[in-house]
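In what follows, a structure is listed as structure tokens, so that the remarks can point back to it.
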């Protein structure tokens, strides 16, 4: 808004709102140990509806989605830029953004597939979801958040797209082959994907993506179909407008003016015109001549300018801008085109029985793997199988695979090692907003803690956990609406000293202490 309008009053108001919102949630959403944003996406990405069936609210909170992390990182960097423009110190915002980004690029990038996983999940370690979220991936490229140019280029080249465009979520859990017919976010995602393809100069991906948008707009206008019901949606039309502004005209808005960096596939010959574009107090008539991504020269009102940047101070009336490109070329980068989506196999349902386990929904046509601490180690050849000898704390799960991809994992099973501590919470302090319990351990080191609790309410109870006055993280205790069934919170790592440790659990100010903690479970990692 500010870059397009130059309205500083709006900028200050927007910054104050964004800053207040961020500060309220800052100490809840960021994991204390790795700096990433916890919790599943709550907007219209299909990932929300495609979580493993066994996940409850506590386990959803402990997960990390690429979508949440990329949008939060982008928001923090925008806020840092806003602060800089207003003369405010926003260095802490930038530092937190890059701390989170480093973790995302370390933990969420799948080197074998050349793309980011849509989600990390599990109880004490990271499992990669067997799918990708292409809106979040596109944002990573458009905002320059992918580690380097090679990673961004690889992502655009290797992520599967269908003949009708890129799926929002792939492999898709939808019922239609054409992405635009069942995902209301599709037009937005396709537009972002095209901008990402333009940024890495992948002309093949850009040409296909723009054709997909035009096809959808021509055939369906603003009509999308969901379960047989048609409804209006403008994201496809808006994305088409953005292709003109941000790709063909190549406009990037800066505080002091506009940078012009068109990217035009070689097949789009002839003059491309955008007439009557409103910018601050000016009206711009823009013409792009030629193809490619290198600007030869720019004429402003028939006068050649230096470079590709036009200062806002020079734009105060109706202006003619003519951009002449150098000779275009056909891109050599590839596109991974698939005939249709690939559905994941059904996630296994496993009963763990001490030294063995049973797969209830075993399918002999699928391959199965035992996952130990996030890595697929052992093949499983029958519905009943023995567990390997593991003499330490470990998180076990089972995944199924067809010829093309893996399933989500079964509900993980925590196999405790020799150092396990169960600590009862006295009833006298269990209902306190802040309770402290002493735990004596034989060895110093990292322990995994979760809390047994009951909750007669249906809201989520958020608590801050500290050890020896040092904050360790956030536990959530989702309400079950009954006080007769005990449940378990998410797990958090705890750094404990040899001997006695004071563990304190305090109700978060943004939450209401509706759950009753019963005991602590501590496992030495």
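All of the numbers you see were taken from the coordinates with simple rules; none came from a lab. In this text, all values refer to a predicted model and were calculated from it rather than measured experimentally. Using ideal geometry, Cβ is built from the backbone for each residue, glycine included, and neighbour counts are taken over all protein chains shown.
Here are some notes:
- FRET E, pair residue 365, residue 148, Förster distance 35 Å, beta-carbon r, rounded to 0.05: 0.30
- Matching label, semi-axes √(5λ) of the Cα gyration tensor in Å computed from the structure shown, candidates [x] 45, 26, 19; [y] 50, 26, 21; [z] 48, 29, 19: [z]
- Cut-off 15 Å, label 7 Å out along Cα→Cβ of residue 498, residues of the range 387-409 by amide N: none
- Simple label model, 7 Å out from Cα along Cβ direction - residue 392 to residue 219, nm: 5.4
- Helix-only [θ]222 nm of the chain, DSSP H runs n ≥ 4, -39500 (n - 2.57) each, per residue, nearest 500: -8000 deg cm²/dmol
- Given their separation in residues at 0.36 nm each and the Cα-Cα distance between them, residue 355 and residue 283 gain 18.6 nm when the chain is fully extended.
- Spin-label model distance (nm) - residue 419 vs residue 24, 7 Å beyond Cα toward Cβ: 4.1
- Relative to the longest principal axis of the Cα atoms of the chain, the long axis of helix 8-29 makes an angle of roughly 20 degrees.
- Computed packing ranks the peptides 507-520, 427-440, 70-83 as 70-83, 507-520, 427-440, most packed first, by mean other Cβ atoms within 10 Å.
- Here's the picture: a label point sits 7 Å out from the Cα of residue 314 along the beta-carbon direction, and within the range 267-303 the residues with their amide nitrogen under 14 Å of it are 297-303.
- Ranked by the mean number of other Cβ atoms within 10 Å per residue, highest first, peptides 309-318, 280-289, 95-104 order as 95-104, 280-289, 309-318.
- The range 420-524 shape via C-alpha gyration tensor axes, a/c threshold 1.5: prolate
- Relative to one another, the C-alpha centroids of the range 48-94 and the range 121-154 are positioned 14 Å apart.
- Gyration tensor verdict on the range 2-256 (Cα atoms; rounded if a/c is under 1.5, prolate if a/b is larger than b/c, oblate otherwise): oblate
- Using 0.36 nm per residue and subtracting the Cα-Cα separation, the extra length available between residue 485 and residue 275 on full extension is 69.0 nm.
- Extension gain, residue 55 to residue 305, is 84.2 nm, computed as 0.36 nm per intervening residue step minus the present C-alpha separation.
- Sites residue 163 and residue 326, calculated FRET efficiency, Cβ-Cβ separation with R0 30 Å, nearest 0.05: 0.45
- Spin-label model distance (nm) - residue 434 vs residue 95, 7 Å beyond Cα toward Cβ: 2.6
- 11 Å reach of a label modelled at residue 333, 7 Å along Cα-to-Cβ, counting backbone N of the range 196-215: 196-207
- Degrees, to the nearest 10: 91-107 long Cα axis against longest axis of the chain: 70
- In terms of the mean number of neighbouring beta-carbon atoms within 10 Å, the peptides 469-476, 13-20, 112-119 order highest first as 112-119, 469-476, 13-20.
- Axis angle, to the nearest 10 degrees, between helix 149-158 and the longest C-alpha principal axis of the chain: 90 degrees.
- DSSP finds beta bridges in the chain, and of those with both partners inside it, around 90 percent are antiparallel.
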